[in-house]
1. Take the residues of segment 582-612 that are at pLDDT 85 or above and touching a helix residue (DSSP H, G or I) at 6+ places or on another chain (Cβ under 9 Å): which is farthest from Lys644 (Cα to Cα)?
2. Just the residues that are out of contact with any Asp or Glu (no Cβ under 7 Å at 6 or more places or on another chain) and buried (at least 22 other Cβ atoms within 10 Å of the Cβ), please, taken from segment 651-668.
3. Yes or no: Lys572 in contact with an Asp or Glu (Cβ under 8 Å, 6 or more places away or on another chain), charged (D, E, K, R), under 25 Å from Arg334 (Cα atoms) and in contact (Cβ under 8 Å) with a residue 40 or more places away in the chain?
4. Are any of the residues in segment 617-624 modelled with pLDDT under 85 and within 30 Å of Leu669 (Cβ to Cβ)?
5. Suppose we filter segment 101-141 for residues that are assigned to a helix (DSSP H, G or I) and open to solvent by less than 20 Å² (accessible area, probe 1.4 Å); how many remain?
6. Take Tyr757 and decide whether it is surrounded by 22 or more Cβ atoms within 10 Å (Cβ to Cβ) and not hydrophobic (A, V, I, L, M, F, W, C).
7. So Ala465 fits all but one of (1) among the small types (Gly, Ala, Ser); (2) within 30 Å of Val603 (Cα to Cα); (3) open to solvent by less than 10 Å² (accessible area, probe 1.4 Å); what number is the exception?
8. Within segment 80-87, identify whether any single residue is in a loop (DSSP other than H, G, I, E, B), open to solvent by 50 Å² or more (accessible area, probe 1.4 Å), at pLDDT 85 or above and on the phi < 0 side of the Ramachandran plot, and answer yes or no.
Amino acid sequence: MQVAEQVICFHCGQPCDEVPIVQHEKEFCCQGCLLVYEILEENNLCEYYSLDKNPGVSLRHVSEESYAYLEEASIQKKLLEFQIDDLARATFFVPAIHCISCIWLLENLQKLANGVLRSEVNFSRKLVTIDFKPETVTLAQLARLLASLGYAPQISLGKEARSNHQATHSLVAKLAVAGFCFGNIMLLSFPEYLGLKDSDLGLKLLFSYLNVLLAIPVVTFSGREYFINAWKSFKQKQINIDVPIAVGLAALFLRSMYDILSHSGPGYLDSLTGLVFFLLIGRWFQSKTYESLAFDRDYKSYFPLAACKWVEDDWKPVVVYDLKRGDTIRVRNREIVPADSILTNVEAFIDYSFVTGESKPIKAHKGDLIYAGGRLMGEPIELLVDKKTDQSHLTRLWNNAAFTKPEESKYQKIIDRAARKFTWAVLALAVVTAMYWYWTDASKLWLIITSVLMVACPCALALAAPFTFGNMMRALGRHGFYLKNADVVERLGTINAVVFDKTGTITKGAEEISFTGVLDDQELAWVKKVTSSSAHPLSNLITKNISFNSTLALRHFREYPGKGVEGTVAGKEIKIGSAAFVDFTGKLNDMQSKVFVSIDGLVRGYFQVSTSIRKPMRNLLSKLQGKFVALLSGDNEADRMRMKDIFPSHATLLFNQDPHAKLEFVSNLQHQGKKVMMIGDGLNDSGALKQSDVGIAVTDDTGIFTPACDAILKGEQLGKLDKFIQLGKSATTILKWAFAISFFYNIIALSFAVTGYLTPLTAAILMPISSISVVGFATLAVNKVSNKILKS
């Protein structure tokens, strides 16, 4: 009787119960598996299948109920980071991500499901962030789709993701096994160390076999990741740092097995297990230091974003991290919503470009949830805080790809090229060394080759840049200068041109405010109603100067950057701004800064504002003598003489500059080869901030800043700007020294290894020490230099 051969699906490995679908000379159990294969085939990424046999999961075997609980609104509220009518965002922890094929497939989910807009993979944290249309595809369907592709999401409904903790626990478990086995193998190897006689051969063999049993879990469990990573890199036709380590471990284990089983020697299992133990210590140290930097980034170095909170019958500015659930906050035009909150006004228009990267105001209604990162467009609103501000969430929003600059890190490119060539060079050196010692002293061959493979390590080189720049970011953050990412530190050191905005940057507050014209108390209250809705520095000054209040509602509020604001109160159209904005046709007797007021088209007078210059500005500008310095102001030339008095003689002073003119000025400087720093308040200069090499938004007690800026600086720290630039240069110098230490270590260590003066165990100890030395040097050097410069 002939037994029919069972057909296995090429994609998922499941039996084809019915007639298989035969396409591309392969069998598939369902259309879903065929579709996934065709997508990979079309994009030349079928390497996916060679990394793991039948890696997928059949679409037809995914339970419809397995993620049914994700349909519950209460569950979705916990998992969704963001949701409006036609866009939602969710992040899943997917532990199965392991290679380039995984990344490609997961970042092309829009080809597998209608309604998926984009998806992005964080490989190191094994996270997949998906933007999707909730009316087309549900959260549960997305989870089922991931599971069907072999990437079942691990969903936690707790307050924090546990992925990092799980990875740490796994590493500690591997370290514990390696340490236990290493210690016991050392103990059982005492007969060899003490040189027992041949009459004790049986005892020696027993101990050797016990050593083999102890070494097996070290190789298969503790050291497994090195072999897996090396195999994957071969499959992808690449060579990474785990390749020489895996080769060395395999060489020691196989040679030891041969020696013990053939009774020709005790092998090198003590060196093997010690090697894995110390390698894992180095990896644990790296993970801990990275976690330290990430913790400072996400939870300590709060950038100075403030919000107006209702406290004791008045609105008071507070740092957003002091907000808690149930607090009432007020957000003005163009301010950022600092925390997920419930709208208490009838309606509002929210621009979520900070979240989505696209400027598209959304109309929200009373009771709607307004997500952190949304920017209010229009009249002020009151919100009830629903969730405490998450610094890491705001940091991720700030680092949205839509706001990143195209320039790559110069030093990161150097590191990437060096790391790719380094491993090939080490393997070549190991082959040459093996040939030499094979003819010189074959008994030392295996230990010397292993030492060469182990001691050479580009890890210190790879750690130099993130730890130097990361520690510098931490030092700057402690002094009120918060950077978007580490690349900004590198660019900071190249700055040779500094461009300032005037209002809110050079100037702050008012020395004197007076009104000339005719406005009664009620009309002044209407004016205050309009100016209090704007976060512009001049609006703030006028608001503080008027003591009268109005309980009437403000309607049709609009703000025109560089011109003025308008709104309707009690049916009266009120316009406040420049002479041209309110259609003032009279003659101006002087060039003092004036803010005009018109009601129902009739100009009623003007506020004359004499702003005060920040105290440290004169000293700061004198320290920037060696750089190109310019002032770009949207105001008229009333302050020219005062600005000329504090700016150096070679400085360029330009007035009546609209946002587009500011951007063009910065762009022209860059075309002249300048590395430009733009400093503004983020109101009328967001384009210039984004165009510049380093854009800095100065903030005092406001939630205004543009997500396109590279850094946020507390206004009180502006006088230290020259020192911050100096620290950027110092960081580059420290990085070069860290590179030198790394190269010096590898050259010296390899010279000892190839000449036979270094054992594998010593090499394994030196490998993490090299990383520790670079990290320690970077940390100590940055702290010493920053303390010296900032305290001078």
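The values are calculated or read from the model by the stated rules, or taken from the named source; none is laboratory data. Source: prediction; values computed, not measured. Ideal geometry is used to build each Cβ from the backbone, glycine not excepted, and the neighbour counts take in all protein chains shown. Surface accessibility is based on the protein's heavy atoms, side chains included, excluding ligands, DNA and RNA. Shrake-Rupley method; radii C 1.70, N 1.55, O 1.52, S 1.80 Å.
1. Ile599
2. Correct list: Gln657, Val666.
3. Yes; evaluated as a whole, the condition is true for this residue.
4. For segment 617-624, residues modelled with pLDDT under 85 and within 30 Å of Leu669 (Cβ to Cβ): absent.
5. Qualifying residue count, segment 101-141: 7.
6. On the way: surrounded by 22 or more Cβ atoms within 10 Å (Cβ to Cβ): no; not hydrophobic (A, V, I, L, M, F, W, C): yes.
When the stated conditions are applied, Tyr757 does not pass them.
7. (2)
8. no
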